[in-house]
Amino acid sequence: MCLLVQSMSLTAEELSYFLPEAENYDPAIPKPQEILGFEVGDWHPSHDQLVSYMQAIEKASPRIKLEITGRTHEMRPLLLLTISSEKNINSLDNIREKHRMLRNPSASDTLNLKNMPVVTWLSFSIHGNEQSGSNAAILLAYHLAASKSAETDSLLNNTIILIDPCMNPDGMQRYSAWVNMHKGKHLIAHNEHREHWEPWPNGRTNHYWFDLNRDWLVAAHPESKSRLQHFHKWSPNIFTDHHEMEADNTFFFQPGIPSRNNPLTPAKTHELCEKIAAYHARAMEKNKRLFYAKESFDDFYYGKSSTYPDINASIGILFEQASTRGHLRETVHGDMSFAFTIKNQLTVALSSLEASNKLRLELLSHMKNFWKEALELAEKDNYKAYIFGSEIDAYKAHHLAEVLMRHDITLYRSLRDLKIAEKNFKSESSYIIPLNQVQYRLIRAFFDRQTSFTDSLFYDISAWAFDLAYNLDFEKLNARNIPSDLIGLVVDTIKHTAGVLEWKSNYAYAIRWEDYKAPAALYQLQKMGVKVKMATKNFSDNRGNTFTQGTLLIPLGIQTLSADDIYIQLNQLAESHKIAVYPMETGGELSAGVLLGSPSFLNLKKPEIGLICGPGINPLEAGEIWHLLDHTFDIPVTLLSTDLLSRADLRNFNTLLLPDGAYGNIDGDFAAKMKTWVQNGGLIIAQKRALQWLASLGLSDAAFKNLPSVSENPVPYRNFSALSGSQVIGGAIFKITLDLSHPLAYGYRKNEINIFRNHRLFLEKSNNPLTNPFQYTAEPLVSGYISKQNLDLLKNTYATSVSSYGSGKIIGFTDNHNFRAFWLGTHRLYLNALFIGSEIRTR
């Protein structure tokens with residue numbers, strides 16, 4: 001134990017601490033200290049320092065090619081290093097083309113695998129405050145560029161090495177600034193030391209506070225879009241994912257818990273993962289390190305860095321190093337230095353490369369067979385294709401098509417309209433996915449529903465069917481219901497339905513609220529000072545168009561802007577937001593009953609928004625709201641930090657957004673000030689625990705069920721963790737019914753919708769018949785895991801609470817309708833609350 005403690009607390013004074021023994025290094029390759037100005041492990045380099053070092057070694061080494069593959073939200077470069085022998089570097093295009101042929105079962109048998117290099121991708125620190133990985137990447141790049149050993153030569157001749165040195169530059173920058181500014185002349189290991197406790201939202205997430213390690217399927221962010229493009233450009237055989245965990249742990253590498261593997265992943269993938277693990281074990285044992293496997297984490301959700309490769313013929317490998325969250329940290333094993341954590345990450349990076357070299361032929365054969373087997377499975381499937389689309393909102397269908405194409409999934413356009421099971425698939429807004437393609441397994445992963453599982457515990461969500469998330473029509477097609485004239489050409493690029501404004505009106509314009517981007521157009525009009533009304537009843541024009549409740553109306557006679565200016569702006573909005581704008585030449589049809597001057601039209605106010613964030617608030621859900629409004633709909637949001645709320649002048653806002661969080665420590669003076677603000681007409685939109693807090697203040701009528709104990713009977717000690725864990729709703733899909741006449745349901749045509757839930761708050765019925773417009777069905781589970789106890793609690797409960805307090809309104813959602821920026825199907829519920837909430841009747 002003494003030896004372990006000494007090695008853990010060792011300060012990296014020399015490069016030799018990290019690197020393999022008896023190596024001969026090329027002096028022409030700059031050492032990290034020469035560029036960074038300090039030894040690795042002594043400080044946390046900023047992202048720009050990391051970039052500078054990678055640029056320096058590329059200039060010095062013919063073994064390295066450095067690409068900037070994209071930019072983050074904060075415009076930091078995303079790097080990808082390709083490292084191999086000089087001969088391979090000069091033939092990269094040819095090598096990549098041959099490697100990609102492994103994906104083509106009709107051609108892969110012609111390949112001579114013995115002469116092909118293996119492709120290994122090492123990715124580091126997708127969580128920005130887990131920087132042992134990115135620092136190991138610096139050392140790894142140096143070692144591979146400078147080492148003159150025969151072992152390194154063999155590795156480089158047989159391997160194309162791809163290094164993503166920092167998957168989350170924006171988070172890295174936040175974190176490195178924090179820990180460096182709190183490092184003194186003397187390192188402090190005490191857990192209480194401020195260095196170890198980053199302020200909210202900390203560096204784990206990206207600019208919009210999203211966890212990028214959950215964004216692989218969704219690819220909502222530039223980091224993920226760039227990474228996916230190059231992942232499929234290369235199709236690596238091994239993909240490593242370097243993380244950190246709590247300080248008192250040791251070191252974890254996969255395999256994870258076998259009972260939690262996704263059934264779509266073939267057994268051979270797990271077999272190879274276990275073979276590779278043997279190399280990690282030997283390397284860690286050589287350094288006298290403690291480690292474990294198979295007792296934590298899982299490979300179920302394909303949206304994670306270490307699991308997505310598994311469904312793409314690669315071997316994804318998760319590494320978790322106990323974290324210092326600074327430069328030195330006390331642990332149950334002794335004081336642990338930042339350098340110690342970096343060395344462990346470098347050790348398993350090198351063992352991964354060793355394994356890829358030794359298992360090269362087996363890895364290449366696995367990839368070749370994976371794609372072949374995918375076609376065989378597709379041939380056996382009872383269904384031959386999937387079709388998805390939207391009759392009323394083409395934008396969401398096109399958006400999903402874009403997502404699927406990022407994953408190398410082949411789509412076709414429908415040549416004609418098709419009606420199946422009362423669903424109308426329009427040719428202009430529908431896509432067909434043939435299953436007879438190598439991405440068969442991944443297609444299944446995007447759309448499968450599952451409600452039975454071998455394990456009741458999940459590291460992440462248990463369901464994510466994208467057609468349900470997007471609220472799109474979807475059907476499986478077999479040989480009997482695929483008309484011969486249905487499938488058109490392969491889709492090369494997605495062309496969104498063009499915006500339409502056919503002619504200039506001198507009376508009014510209408511915009512259908514069903515269009516996904518209609519709220520963005522509404523806000524832009526309000527920002528320009530255009531007065532906009534909203535229909536609460538259906539109406540018609542004299543050209544035969546029928547408009548539903550929620551339709552936006554822009555009457556020209558009440559505007560201060562000229563008709564010409566409004567026409568120009570509407571033309572631009574139609575094009576930029578891909579919406580249809582309908583010119584109207586009369587005040588409506590008398591026979592239709594509702595004319596454009598009807599008092600049933602609401603006069604909409606421009607929202608002035610304050611978003612509560614900061615300590616105590618769930619940063620992921622706050623970030624999802626911020627991203628939805630600021631990034632997706634171009635609606636500005638003022639971020640109000642919980643520790644500064646007492647200073648907030650609420651007169652600047654007419655709307656407050658309260659994400660999920662622990663609100664118990666919110667300043668009492670602010671709570672009183674907020675009550676007065678609501679009483680005077682303010683609107684609050686709250687979700688989950690924020691709604692509970694408002695109810696405790698007497699601002700909302702919401703009442704929640706009391707949760708029962710895990711078990712009414714004594715439970716064996718060894719079983720309690722599993723039993724309590726089985727009551728967690730990690731993330732599943734449920735069905736609710738909508739009162740389509742309610743303003744919160746404007747824009748929806750069907751009275752049932754699928755929503756995402758990952759908590760145990762169960763809203764009871766209010767005595768006010770106008771309070772609960774959305775309700776869970778009697779059989780709500782659609783896909784995912786939920787215990788019987790929780791399912792019984794959920795049935796027939798309510799999903800929304802609408803209350804009045806004085807002249808103001810409180811709209812509460814029990815669920816997160818903005819989950820991870822891909823639950824597009826429920827975005828409209830939240831946006832309805834934002835734009836219409838203050839006009840909703842509660843009595």
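The values are calculated or read from the model by the stated rules, or taken from the named source; none is laboratory data. Not measured: the values here are computed from a predicted model. Cβ atoms come from the backbone with ideal geometry, glycine included; neighbour counts cover every protein chain shown. In case anyone asks, the SASA skips ligands and DNA or RNA and just uses the protein heavy atoms, side chains included. Shrake-Rupley method; radii C 1.70, N 1.55, O 1.52, S 1.80 Å.
How many residues does the range 682-707 contain that are of a type in the set (Gly, Ala, Ser), farther than 20 Å from residue 768 by Cα and either open to solvent by 70 Å² or more (accessible area, probe 1.4 Å) or in a loop (DSSP other than H, G, I, E, B) (or both)?
1
I'm checking my understanding of the structure. Among residues of the range 465-523 that are over 27 Å from residue 829 (Cα atoms) and of a type in the set (Asp, Glu), which one is least open to solvent (accessible area, probe 1.4 Å)?
Residues of the range 465-523 over 27 Å from residue 829 (Cα atoms): 476-493, 502-507.
Those left that are additionally of a type in the set (Asp, Glu): 485, 492, 502.
On the way: 485: 78, 492: 127, 502: 145 Å².
The residue in question is 485.
Just to be sure I understand the filter: pairs with C-beta atoms under 9 Å, separated by 6 or more residues or on different chains, first member in the range 669-681 and at positive phi, second member surrounded by fewer than 18 Cβ atoms within 10 Å (Cβ to Cβ). Which pairs pass?
681/806; 681/807
Report whether or not residue 778 is part of a strand (DSSP E or B) and surrounded by fewer than 17 Cβ atoms within 10 Å (Cβ to Cβ).
It is true that residue 778 is part of a strand (DSSP E or B) and surrounded by fewer than 17 Cβ atoms within 10 Å (Cβ to Cβ).
Taking the range 599-623 on its own, how many of its residues are under 25 Å from residue 839 (Cα atoms), open to solvent by less than 20 Å² (accessible area, probe 1.4 Å) and not small (Gly, Ala, Ser)?
Number satisfying all stated conditions: 5.
Please specify each residue of the range 259-281 satisfying the condition of being exposed (fewer than 14 other Cβ atoms within 10 Å of the Cβ) and touching an Asp or Glu at 6+ places or on another chain (Cβ under 9 Å).
Across the range 259-281, the qualifying residue is only 259.
Would you be able to say whether some residue in the range 793-802 is surrounded by fewer than 18 Cβ atoms within 10 Å (Cβ to Cβ), of a type in the set (A, V, I, L, M, F, W, C) and part of a loop (DSSP other than H, G, I, E, B)?
no
Yes/no matrix, rows are residues, columns are (1) out of contact with any helix residue (DSSP H, G or I) (no Cβ under 8 Å at 6 or more places or on another chain); (2) open to solvent by 20 Å² or more (accessible area, probe 1.4 Å):
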{"position": "104", "(1), (2)": "no, yes"}
{"position": "115", "(1), (2)": "yes, yes"}
{"position": "124", "(1), (2)": "no, no"}
{"position": "129", "(1), (2)": "no, no"}
{"position": "143", "(1), (2)": "no, no"}
{"position": "148", "(1), (2)": "yes, yes"}
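With respect to residue 199, is the statement that it is more than 26 Å from residue 118 (Cβ to Cβ), surrounded by fewer than 18 Cβ atoms within 10 Å (Cβ to Cβ), under 25 Å from the mean Cα position of the chain (by Cα) and not polar (S, T, N, Q) true?
Details: more than 26 Å from residue 118 (Cβ to Cβ): yes; surrounded by fewer than 18 Cβ atoms within 10 Å (Cβ to Cβ): yes; under 25 Å from the mean Cα position of the chain (by Cα): yes; not polar (S, T, N, Q): yes.
Taking the combined requirement at face value, the residue satisfies it.
Hey, any hits in the range 192-212 for a residue that's part of a helix (DSSP H, G or I) and of a type in the set (A, V, I, L, M, F, W, C)?
Here is the first cut: in the range 192-212, the residues part of a helix (DSSP H, G or I) are 194-196, 212.
Now restrict to residues that are of a type in the set (A, V, I, L, M, F, W, C): 212.
Yes, the range 192-212 has at least one match.
Can we say residue 74 is in contact (Cβ under 8 Å) with a residue 24 or more places away in the chain, open to solvent by 50 Å² or more (accessible area, probe 1.4 Å) and under 23 Å from residue 226 (Cα atoms)?
yes
So, in the range 763-775, how many residues would count as being crowded, with 18+ Cβ neighbours inside 10 Å and not in a strand (DSSP E or B)?
Counting residues in the range 763-775 that are crowded, with 18+ Cβ neighbours inside 10 Å and not in a strand (DSSP E or B) gives 4.
Quick check on my filter: what residues within the range 470-489 are more than 30 Å from residue 570 (Cα to Cα) and outside any loop (DSSP other than H, G, I, E, B)?
Hits for the range 470-489 are 474, 475, 476, 477, 487, 488, 489.
Hey, could you check the range 42-74 for residues that are outside any helix (DSSP H, G or I) and among the small types (Gly, Ala, Ser) and say which is nearest to residue 125 (Cα to Cα)?
Per the criteria, the residue is 46.
To keep it simple, each residue is scored yes or no on (1) surrounded by 24 or more Cβ atoms within 10 Å (Cβ to Cβ); (2) under 30 Å from residue 180 (Cβ atoms); (3) at pLDDT 95 or above; (4) not basic (Lys, Arg).
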site: 289; (1), (2), (3), (4): no, yes, yes, no
site: 303; (1), (2), (3), (4): no, no, yes, yes
site: 306; (1), (2), (3), (4): yes, yes, yes, yes
site: 309; (1), (2), (3), (4): yes, no, yes, yes
site: 313; (1), (2), (3), (4): yes, no, yes, yes
site: 316; (1), (2), (3), (4): yes, no, yes, yes
